[in-house]
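First up is the structure itself, then whatever we jot down about it.
The values are calculated or read from the model by the stated rules, or taken from the named source; none is laboratory data. Predicted model, so just to flag it, every value in this text is computed and none were measured. Counting neighbours? That spans all protein chains shown, and the Cβs are built from the backbone with ideal geometry, glycine included.
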Amino acid sequence: MPKIHVQTRINGEDIDFLCESRQSLLEVLRDDLGLTGTKEGCSNGNCGACSVLLDGVLVDSCLVLAVETAGREVSTIEGLATPAQLHPLQQKFLEHAALQCGICTPGFIMAAKALLTNNPKPTEHQVRYWLAGNLCRCTGYDKIVRAVLDAAAVMEKA
Amino acid sequence: MAIVFLSAMLQPLTGGVSQVRVAGRTIRTIINNLEERFPGIKDRLLQDGDLRPDVAVAIDGETALDGVAEPVGEDSEVHFIPPISGG
Amino acid sequence: MAEATAEYKVIGTRPIRPDGADKVTGRAVYGGDMRLTGMLHGKVLRSPHAHARIKSINTAKAEAVPGVKAVITVKDFPVAEDRMANLGEMAVNVKLLSNNVIAADKVLYKGHAVAAVAATSPHIAEEALGLIEVEYEVLPPVLHVLDAMKDEAPLLHESMTTTELGQKTDKHSNIANHLRFVLGDPAQGFRDADVVIEREFDTATVHQGYIEPHNATALWNEDGHLYIWTSTQGAFVVQRQAAEILGLPVSQVSVTPCEIGGGFGGKISVYLEPMAAVLSRKAGRPVKIIMSRIEEFEATGPTPASHIKVKMGAKKDGSIVAAEASLMYEAGAFPGSPVGAGCMCIFSPYAIPNMQVDGYDVVVNKPKTAAYRAPGATNAAFASETVVDELAEKLGMDPLELRRLNGAKEGDRRVDGPTFPRIGYLETVHAALEHEHYATPLTGPNRGRGVASGFWFNVGFQSSVVINVNADGTVSLVEGSTDIGGTRASIAMQAAETLGVPYEDVRPTVVGTDGIGFTDVTGGSRTTFATGYAAHEAALDVLRQMKERLARRWDGEMEKEFEGQAERATVRITPDDVTYADGAFKCAKDAGKSMAFKEVAAQMARMGGPITGRATSQPRGIGGAYATHIVDVEVDPDTGKVTILRYTAVQDVGRAVHPSYVEGQIQGGVVQGIGWALNEEFVYSDSGNMVNSSFLDYRMPTTLDLPMIDTVLVEVPNPGHPYGVRGVGEVPIVPPVAALANAIYNATGKRMTHAPMSPGYVLSKLLE
């Protein structure tokens, strides 16, 4: 299958790559660009482990074709922390022990980031509603919801 | 002498006897002594000289770790049970 | 957030886990993230039939596809021997294990592996799969435990005969094993009872549902050495099983455990590792295989569907005098369901003088079952705890009071014979009775409250730990327990406590089979208990060596001070004269002599060289675990949907080393139990095809399905562990199904005898 040259922006950097038209963004991120922070759980849009932002919108990267990112902005988990420190969401996930195996964590953090951009002071119900597209099998979600609410409070103050 | 409990699954070989006092300071000796009284029981418990893979021994409520070499106390309770694992 | 108890400095606090930054930034390397130079991608061809004979396999067309570097079938594997081998958690039959990894002459479930391809891209590998030609002779499938047990049922294994009450028989059957446990005289017990309840229950096949699919990367080198990288609960189990299946000495197999995205018992036995290895040998390059989510559902190890009968009898005063149960578990395509554990757990919250429990291990044309968090116990508790609830109702007693009256304690006997050591069941019942949740009345229509209890053994097994002292007084702790839920932290915390150093000074790393002594799986609620035990012992070994060094040094100094004097003989310093407390060593015979831990570390090179503490553990004194749960629900009378209003999980945790992760284990187990109770099941067509093999239709709980899960950590320290630790990970999944069934009954007046209690089922009961 001939390859297509795609020019895009990932985590604020101009990136270009070659891919087949049948490759998902998830596959290209992980296998071709070495950005393995975005995880694969089901590859059919039902678990949210592959959540990224595309032009600021929360998407399952397994449902986006890599060629669709041409000329657009992709944000992945790798772009969140600065060299100096973790993002408040990342920090709160650690403080609240909101991860056990951690495989769903990048997806949850990206989804939570999108939530807090849209709604900086969500209620518990709003947090649960927004995150219902991300599956976690280890934590029972209790500490994840607490971590997101706590991060929201910290980010509000900042 | 230790008290050996004979489960419902071993009782066909013991004629219904469910508890018996047996001399022996290790499981190996106890099983050998059991065999003298209840022929055939050794084959149900041992394979190639050690405990069968589907047999574990509990002594005073604790799963034994040293197989047939496990020491047995004077008044210990001995049970042969299925091994447990986890998930 | 740290609150050390008066007793401990580190144990009981809530520090950040050492691998935290790696996991929240996505940097941690899970098995699927593995990349090696020249790596190929593997895909597995799987049977479309639930039961069939393989007549022929033709791989020629697949081999010809450009980009395909190897195609394998069972012919590329050594012939598996029909014998038991000790390959990790428990003994397994090598032939059955190997036949499950790749089918021999028959396929026994839809999804059973028959061939595999390695190619330069996963897409090419998948294309090539479609070109492998397999000729099957389709056979009728057996898809339900009761059907499989009938005399006229088609047989999965022509040579399999039933082991009846411990004796091998000649009876060819799908019943692999019939177990029986008896205590006292159940017939008499039932005659003495004033109230007898008898019920039958069904549960469906349920999956562990870990979000990360199975994966394996293998490199079979030109020198004959096999390297495996995999997401596994136990690198040493993978090593042993792969060595056995591939006919290699254990020393020729090196397994590196990657970070793992959930296991719950389902990532212990090998599936992909031998496939990747054989592909690698044939292709001469590393090969990585990752399962798709459909493969996860069709071809890994779910937990058994079951049919269970329970009969319990009590006197008017509430004492339970007799109990009987018959547990029929689907083992899947090969024998070995956890029905034995189910039998031993089912009545274990109670002291009942007369009991009989029968267990049946039955094969069916579904994937071979594997462990799932307290394997066997949840099915059993659904049945028994529902009957206990009904007993309480008939006796006019509060359901927790009935449990309190009959609760098991130290010295009471289990149905399989042994007596309980120090256990904490009654403490959990008391805590539940006294909890504000239980005292708060539940008001409103269609609402109900249910309670249930559960028991799980926990295991001990083997662990190895090494602690290397660094010159700056920090230490490196090397262990082999893959960290699925925060155990790097809980193990490091125990070492820090024993060493008397801050938690931050202990750097734990998890290594593979080349780097540490044998270590059993992360599972069985054993890791904080047994690997923590080894860490504690390794820390004591470090202190012992430091005391020896100091004794030598101080004795030498005394030599100088007392040179030529008679008193010299009385002031020899031995290691027994060196004490350690609060980070400092002191000399009992000379108050002037002391040295801090950090100072000893700094002077190692001048005091005898490097200090490495080591220990292995195979602990006894495993404390069993108990849980008692309370749940409030609201049932929609029009749809049958059950909404959870409030959930409180009480558990005896021994001693919570890191309370956040203990709470996390409880919350996670509870939510898996909720999914099991309300929605999760494998739905099969008549031909044995699972029709809901995706997360859309295999419906696990989401954030929107749940409230916060309140946990109550009751601490009855386990006398068998230096810090009183009891395993906590598994028992939380045992009560929820029954607790919800009892709550739904309380809300609707209808007894639930089938799990899942999905809206359709609940509605059908409401309309009865």
If we keep just the residues of the stretch C:245-294 that are within 14 Å of another protein chain (Cβ to nearest Cβ) and assigned to a helix (DSSP H, G or I), which is surrounded by the fewest Cβ atoms within 10 Å (Cβ to Cβ)? C:Ile294
C:Ala242 passes all but one of the listed conditions (1) assigned to a strand (DSSP E or B); (2) in contact with a Leu (Cβ under 8 Å, 6 or more places away or on another chain); (3) more than 14 Å from every other protein chain (Cβ to nearest Cβ); the exception is number (1)
Looking at (1) surrounded by 18 or more Cβ atoms within 10 Å (Cβ to Cβ); (2) within 8 Å of chain C (Cβ to nearest Cβ), find the lone condition where A:Asn44 falls short. (1)
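Of A:Ser21, A:Ser51, which residue is under 16 Å from the mean Cα position of the chain (by Cα), among the hydroxyl-bearing types (Ser, Thr, Tyr) and within 13 Å of chain C (Cβ to nearest Cβ)?
Values: A:Ser21 fails: under 16 Å from the mean Cα position of the chain (by Cα).
Going through A:Ser21, A:Ser51 in turn, the sole match is A:Ser51.
Yes/no matrix, rows are residues, columns are (1) in the same structural domain as C:Leu97 (by TED's automatic domain parsing); (2) in contact with a Leu (Cβ under 7 Å, 6 or more places away or on another chain); (3) under 27 Å from C:Thr369 (Cα atoms):
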{"residue": "C:Leu248", "(1), (2), (3)": "yes, yes, yes"}
{"residue": "C:Val253", "(1), (2), (3)": "yes, yes, yes"}
{"residue": "C:Tyr271", "(1), (2), (3)": "yes, no, yes"}
{"residue": "C:Lys288", "(1), (2), (3)": "yes, no, yes"}
{"residue": "C:Arg293", "(1), (2), (3)": "yes, no, yes"}
{"residue": "C:Ala314", "(1), (2), (3)": "no, yes, no"}
{"residue": "C:Ala323", "(1), (2), (3)": "no, no, no"}
{"residue": "C:Ala333", "(1), (2), (3)": "no, yes, yes"}
{"residue": "C:Ser337", "(1), (2), (3)": "no, no, yes"}
Just one of (1) within 29 Å of C:Arg447 (Cα to Cα); (2) assigned to a loop (DSSP other than H, G, I, E, B); (3) more than 10 Å from chain A (Cβ to nearest Cβ); (4) in contact with a His (Cβ under 8 Å, 6 or more places away or on another chain) trips up C:Ser687, so point out which. (1)
If we scan the stretch B:45-57, do we find a residue that is more than 10 Å from the chain's Cα centre (by Cα), small (Gly, Ala, Ser) and crowded, with 18+ Cβ neighbours inside 10 Å? no
Assess whether A:Ala81 counts as being closer than 24 Å to A:Leu54 by Cβ, at the interface with chain C (Cβ under 10 Å from one of its Cβ atoms) and surrounded by fewer than 20 Cβ atoms within 10 Å (Cβ to Cβ). yes
What's the number of the condition C:Glu7 fails, among (1) away from every other protein chain (no Cβ under 14 Å); (2) in contact (Cβ under 8 Å) with a residue 60 or more places away in the chain; (3) within 32 Å of the chain's Cα centre (by Cα)? (2)
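For every residue, the table says whether it meets (1) in contact with a Ser or Thr (Cβ under 8 Å, 6 or more places away or on another chain); (2) farther than 27 Å from C:Ala649 by Cα.
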residue: A:Leu89; (1), (2): no, yes
residue: A:Ala112; (1), (2): no, yes
residue: A:Thr117; (1), (2): no, yes
residue: A:Glu124; (1), (2): no, no
residue: A:Leu131; (1), (2): yes, no
residue: A:Leu135; (1), (2): yes, no
residue: A:Cys138; (1), (2): no, no
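Look at C:Ser463 and say whether it is at pLDDT 95 or above and within 14 Å of chain B (Cβ to nearest Cβ).
So C:Ser463 passes the test.
Does the stretch C:737-751 hold any residues that are under 30 Å from A:Gln100 (Cβ atoms) and in contact with a Phe, Trp or Tyr (Cβ under 7 Å, 6 or more places away or on another chain), and which are they?
Of all residues in the stretch C:737-751, those under 30 Å from A:Gln100 (Cβ atoms) come to C:737-744.
Scanning the stretch C:737-751 gives C:Val737, C:Ala738, C:Ala741.
Residues checked against (1) within 13 Å of another protein chain (Cβ to nearest Cβ); (2) in contact (Cβ under 8 Å) with a residue 24 or more places away in the chain; (3) of a type in the set (Ser, Thr, Tyr):
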{"residue": "B:Val4", "(1), (2), (3)": "yes, yes, no"}
{"residue": "B:Ser18", "(1), (2), (3)": "yes, no, yes"}
{"residue": "B:Leu45", "(1), (2), (3)": "yes, yes, no"}
{"residue": "B:Gly73", "(1), (2), (3)": "no, yes, no"}
{"residue": "B:Pro82", "(1), (2), (3)": "yes, yes, no"}
Provide a single number: the residues in the stretch A:133-156 that are more than 15 Å from A:Met110 (Cβ to Cβ), facing chain C (nearest Cβ under 10 Å) and free of Cβ contacts under 8 Å to residues at least 40 places away in the same chain. 6
Do we find a residue being small (Gly, Ala, Ser) and in a loop (DSSP other than H, G, I, E, B) anywhere in the stretch C:563-580? yes
The residue from C:Gly640, C:Gly727 that alone is more than 10 Å from chain A (Cβ to nearest Cβ), surrounded by fewer than 24 Cβ atoms within 10 Å (Cβ to Cβ), among the small types (Gly, Ala, Ser) and touching a residue at least 24 places away in the same chain (Cβ under 8 Å) is C:Gly640
For the stretch C:393-419, give me each residue that is among the hydrophobic types (A, V, I, L, M, F, W, C) and in contact with a Gly (Cβ under 6 Å, 6 or more places away or on another chain). C:Leu395, C:Met397, C:Leu402, C:Leu405
Would you say C:Gly532 is under 26 Å from C:Ile228 (Cβ atoms) and either more than 14 Å from chain B (Cβ to nearest Cβ) or within 15 Å of the chain's Cα centre (by Cα) (or both)? no
Out of (1) among the hydroxyl-bearing types (Ser, Thr, Tyr); (2) more than 30 Å from C:Pro659 (Cβ to Cβ); (3) crowded, with 20+ Cβ neighbours inside 10 Å, what's the single condition that is false for A:Thr105? (2)
Set C:Thr474, C:Thr419, C:Thr428: member being under 29 Å from C:Gln356 (Cα atoms) and surrounded by fewer than 18 Cβ atoms within 10 Å (Cβ to Cβ): C:Thr419
Looking at the stretch A:93-125, which of the residues that are over 16 Å from the mean Cα position of the chain (by Cα), part of a helix (DSSP H, G or I) and not acidic (Asp, Glu) is farthest from the other protein chains (Cβ to nearest Cβ)? A:His125
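In the stretch B:8-44, what residues are of a type in the set (Lys, Arg), more than 19 Å from C:Thr163 (Cα to Cα) and under 13 Å from the mean Cα position of the chain (by Cα)?
First, pick out the residues of the stretch B:8-44 that are of a type in the set (Lys, Arg): B:21, B:25, B:28, B:37, B:42, B:44.
Now drop any that are not more than 19 Å from C:Thr163 (Cα to Cα), which leaves B:21, B:25, B:28, B:37.
Scanning the stretch B:8-44 gives B:Arg21, B:Arg25, B:Arg28.
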C:Asn58: surrounded by 17 or more Cβ atoms within 10 Å (Cβ to Cβ), assigned by TED's automatic domain parsing to the domain that holds C:Arg293, more than 22 Å from C:Glu295 (Cα to Cα) and in contact with a strand residue (DSSP E or B) (Cβ under 7 Å, 6 or more places away or on another chain), yes or no? no
Among the numbered criteria (1) within 21 Å of B:Asp54 (Cβ to Cβ); (2) crowded, with 19+ Cβ neighbours inside 10 Å, which one does C:Glu164 miss? (2)
Being at pLDDT below 95 and either assigned by TED's automatic domain parsing to the domain that holds C:Ala351 or of a type in the set (Val, Ile, Thr) (or both) is the requirement here; does C:Ile611 meet it? no
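Table: residues versus (1) surrounded by 15 or more Cβ atoms within 10 Å (Cβ to Cβ); (2) within 30 Å of C:Val459 (Cα to Cα); (3) at pLDDT 95 or above.
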{"site": "C:Asp33", "(1), (2), (3)": "yes, no, yes"}
{"site": "C:His41", "(1), (2), (3)": "yes, no, yes"}
{"site": "C:Ala64", "(1), (2), (3)": "no, no, yes"}
{"site": "C:Lys75", "(1), (2), (3)": "no, no, yes"}
{"site": "C:Glu81", "(1), (2), (3)": "no, yes, no"}
{"site": "C:Leu87", "(1), (2), (3)": "yes, yes, no"}
